[in-house]
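Every read-out reported here was derived from the displayed coordinates using simple, explicitly stated rules and does not represent laboratory data. In this text the structure is predicted, and so the values were computed from the model without any measurement. Here the Cβ positions follow ideal geometry from the backbone for every residue, glycine too, while neighbour counts run over all protein chains shown.
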């Protein structure tokens, strides 16, 4: 029997994500194959379609065309990582920016007084930039936000990643390169008790009515309960713009 070593760790030694989805089809591509205790397999709502041959590795991706289309978990979940530290990674191609922002990955309720974990988006601003937000445990209601310096253009595949050190600092990456850090000394802990909605391509609390939906394509999204190194993000996840389908790594 031949054992594929990449099923257990990527070339750079990246541990299996807590949650990951290849997003290359509407069956196995929506299955959460991470090592977290929560099964966060996704359900496609609306006419989400397979975009054949359109992904960074020339395979298939998922196309979300309007505010009536998104991916989400059937039930709410809490953060089940081993600690506060976190890395998120996603490939996204925005076709049209909504009036507010294009939500790539959202795990939160709506208001500051409710429960929120993270938000990765492309903001409709001038210039259009990627943003990553980590939320406090709703006691101090602190947050840490960092925007990219690179303008995120439409109709182009971008690799977006971000890390949280588990204490007070986040860092954002675009196409494998760091775009700086943000720190909030008042930050306490990521919410890890209450359950909150999780969605890709839409506002998790109001999926069809909020102007935060994604119109575009998504591929290979993952969440880790650790801080990946710059080399792991650049070499293994961005991989010179070709990316890596997670099923080929773990």
Take the Cα of residue 75, step 7 Å along the line toward its Cβ, and report every residue of segment 181-202 whose backbone nitrogen sits under 14 Å from that point.
-> 195-198
The simple spin-label model distance between residue 126 and residue 231, using points 7 Å out along Cα→Cβ, in nm, is 4.3 nm
At what distance in angstrom do the alpha carbon centres of segment 23-75 and segment 90-150 lie from each other?
-> 19 Å
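Which FRET efficiency value, to the nearest 0.05, do you get for residue 66 and residue 247 by plugging their Cβ-Cβ distance into 1/(1 + (r/R0)^6) with R0 = 30 Å?
On the way: r = 28 Å, r/R0 = 0.94.
My answer for the efficiency is 0.60.
With r as the distance between the Cβ atoms of residue 100 and residue 31 and R0 = 25 Å, compute the FRET efficiency 1/(1 + (r/R0)^6) and round to 0.05.
Working: r = 30 Å, r/R0 = 1.21.
It comes to 0.25.
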Give me the distance in nm between label points sitting 7 Å out from Cα along the Cα-to-Cβ direction at residue 209 and residue 140, one decimal.
-> 3.4 nm
Stretched fully, the stretch from residue 58 through residue 156 gains (0.36 nm per residue minus C-alpha distance, one decimal, in nm) 33.9 nm
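Could you calculate the FRET efficiency of residue 192 with residue 149 from 1/(1 + (r/R0)^6), where r is the beta carbon distance between them and R0 is 30 Å, rounded to 0.05? Please list the in-between numbers first.
Values: r = 31 Å, r/R0 = 1.03.
Computed FRET efficiency for residue 192 and residue 149: 0.45.
When a/c reaches 1.5 or more, the comparison of a/b and b/c decides; with that in mind, is segment 171-250 rounded, prolate or oblate per its Cα gyration tensor? Walk me through the intermediate numbers first.
Numbers: a/c = 1.73, a/b = 1.20, b/c = 1.44.
Oblate is the answer for segment 171-250, as a/c is 1.5 or above yet b/c matches or exceeds a/b.
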Separation between the residue 114 and residue 178 pseudo-spin-labels, each 7 Å from Cα along Cα→Cβ, expressed in nm?
-> 3.5 nm
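For segment 20-239, what does the relative contact order come out to in percent, with C-alpha contacts under 8 Å and a separation of six or more? Before the final figure, lay out each step's value.
On the way: 623 pairs, mean separation 63.2, N = 220.
The value is 29 percent.
As a test, work out the antiparallel percent of DSSP beta bridges whose residues both lie in the chain, rounded to the nearest 5.
Working: 63 of 63 bridges.
Taking every DSSP beta bridge with both residues in the chain, the antiparallel ones total about 100 percent.
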Determine the distance separating the Cα centre of segment 211-250 from the Cα centre of segment 179-201; give it in Å without decimals.
-> 19 Å
A student applying the Cα gyration tensor rule (rounded when a/c is under 1.5; otherwise prolate if a/b is larger than b/c, oblate if not) would label segment 20-239 rounded
